[in-house]
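Right, one structure below, let's go through it.
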Amino acid sequence: MGKSNRRKAGADQFDSSDADSVSSASTALSELTPANETEHVNSLEFGLDKFIDALYEKRGSTRETALLGLLDAFESHVLHTFVENKCITLLHQYINSIKRGSTKEISLACRAIGLLAITAGAGSSAHEIMEESVPQLSRALKCGSDACKISVLECLAVISFVGANDFAETETSLKIMWEVIHPKSVSNGGPSKRPSSAVLAAAISAWSFLLTTISSWRINPDTWKESISFLSTLLEVDERYDRSVRIAAGEAIALFFELGILGMSYSEENGVENFNNEVSKRCTVTYMQSMKAKISGQVYDLSMEAGGKGADKKNLNGQRDLFQKIWDFVQMGECPEVLLKISSKRNILRTSTWSQLIQLNFLKRYLGRGFLKHAQENELLHDVFEYTVDKTESLSAKEKKISRSGDEKGRTQKLNKDRRMAQARKQGHLIAQDE
């Protein structure tokens, strides 16, 4: 009874002015500073409770407004305590929005579920979020706008990344995504509709992000032949798809190189699962070596693509940069390193593998303006990435000068090395690819 009255009060306030309510509430939430956050904790929770109450209402616009308010709060704050108390309540209302809402409401609810899982962190709550959401997300993929499908795919990737307990659960989500990437014939015998460039690129990015959680020793190369072959076709210039698709496919290919699937040899199994027999092994190794040669050539061509007159220059620089890094990784075994300062307290986020780089790029896109806040305070991200301390902050002026001198020397050496590698690419010095 009490809950019903509380919902009624929330409905009255939202019905009077949805936009004004969420705007004022969101502003109030975002203006809370660490110094006064404790003082205003009751006000913060009261505002969040009002949004939850509004999710029970019949008007779709009211629920959409409430979702926007909750999204703003979850981006602006790392609400661990609130999620501990309200996780299942929030999850059930978000799922209800997916079941009965418009495509806009579904998109908002999917993002809200993803942020809920990221805030909850790895554990039983995240696992429950995944278990209850996957069936609904799978159904939501079959209809709706491209924007809605993209939201569903990204949500599916995030909740599986955080909540999956084993390979079987991860594989279920990977298969759902792959059906979007490479649709098969439907039951009536007709071809499935080919996804748009935006949906295809998003699906591949989500799939790659989730694939980073699988260790190489758990991968049977035979199961990935189709994936590698299809991704290779997407590296070809195709008027049906734009460069965003080739870039997404390139990241996935880089991951297969890192996992050792595209670098197999007859003398070693690269940590992958045992083959059924020697014949199977030789066939798979031969196939992967041929694919490595083919894909390496594609990577080189895309790293050197010219932007001449009449060429589509959108994402051209991003494409060349990515494929140059992949080419360098294939030839030299060096992964691009990223150092990202995330706070004034000398904390630096570092990536040193393709898996980490793919995870970083995906989570930065997904969290948007909330990435920095979560990188600073969310233990989940601390567990995923490498965190180091910038030791120069505590040095004297003389020591900082010496440190900068060393850094400049290192940067000069790296620039010289990059120039040599770029020159080698321009001259077409392709290292043998069948070794």
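FYI, it's all coordinate maths here, none of it is from the lab. For clarity, every value in this text was computed on a predicted model and none was experimentally measured. With ideal geometry, Cβ positions are generated from the backbone for all residues, glycine too; neighbour counts draw on all protein chains shown.
Using θ = phi - 60° and the Karplus curve 6.51 cos²θ - 1.76 cosθ + 1.60, what whole-Hz ³J(HN,Hα) does each residue of segment 107-118 get, with Gly and Pro shown as x?
Using θ = phi - 60°, the values come out as 4, 5, 5, 4, 5, 5, 5, x, 5, 4, 5, 4 Hz.
Take T353 and E179, extend 7 Å from each Cα along the Cα→Cβ direction, and tell me the distance between the two endpoints in nm.
Inter-label distance under the simple model: 3.0 nm.
Mark the label point 7 Å from the Cα of E84 along Cα→Cβ and return the residues of segment 372-387 whose backbone N is within less than 14 Å of it.
What the label zone holds, given the 14 Å backbone N cut-off, is 379.
Quick one: dipole size for segment 338-389, taken about the Cα centre, charges +1 on Lys/Arg Cβ and -1 on Asp/Glu Cβ, in debye to the nearest 20. Let's see the in-between values first.
On the way: 8 positive and 4 negative charges, 61 e Å.
For segment 338-389, the charge dipole is close to 300 debye.
Please name which of S355, H382, Y366 has its Cα lying farthest along the dipole of segment 338-389 towards the positive end, using unit charges on Cβ (Lys, Arg +1; Asp, Glu -1) and the Cα centre as origin.
Y366
Which of K294/K325; K50/K99; K50/K149; K314/K341; K142/K314; K193/K225 have a Cα-Cα distance over 26 Å?
Details: K294/K325 17 Å; K50/K99 22 Å; K50/K149 29 Å; K314/K341 29 Å; K142/K314 30 Å; K193/K225 23 Å.
Flagged as over cut-off: K50/K149; K314/K341; K142/K314.
Taking amide H positions as placed 1.01 Å from N in the peptide plane, with prolines and chain starts having none, which residues 5 or more places from E386, or on another chain, fall under 5 Å of its amide H?
R350
With r as the distance between the Cβ atoms of S124 and N220 and R0 = 45 Å, compute the FRET efficiency 1/(1 + (r/R0)^6) and round to 0.05. Let's see the in-between values first.
Details: r = 30 Å, r/R0 = 0.66.
Efficiency, from the Cβ-Cβ distance: 0.90.
Enumerate the calculated ³J(HN,Hα) couplings along segment 151-167 in order (Karplus 6.51 cos²θ - 1.76 cosθ + 1.60, θ = phi - 60°), each rounded to whole Hz, writing x wherever the residue is Gly or Pro.
3J(HN,Hα) across segment 151-167, in whole Hz: 4, 5, 4, 5, 4, 4, 5, 5, 5, 6, 4, 7, x, 5, 9, 8, 5.
Mind listing the long-range amide H neighbours of N220? Cut-off is under 5 Å, sequence gap 5 or more, other chains count too, H placed in the peptide plane at 1.01 Å from N.
Amide H neighbours of N220, under 5 Å, 5+ apart: E273.
Once you list every other residue whose beta carbon is under 12 Å from the beta carbon of G121, what net charge do they have if Lys and Arg are +1 and Asp and Glu are -1? Don't skip to the end; give the middle numbers.
Details: positive: none; negative: E84, E377, E379, D383.
Summing Lys and Arg as +1 and Asp and Glu as -1 gives -4.
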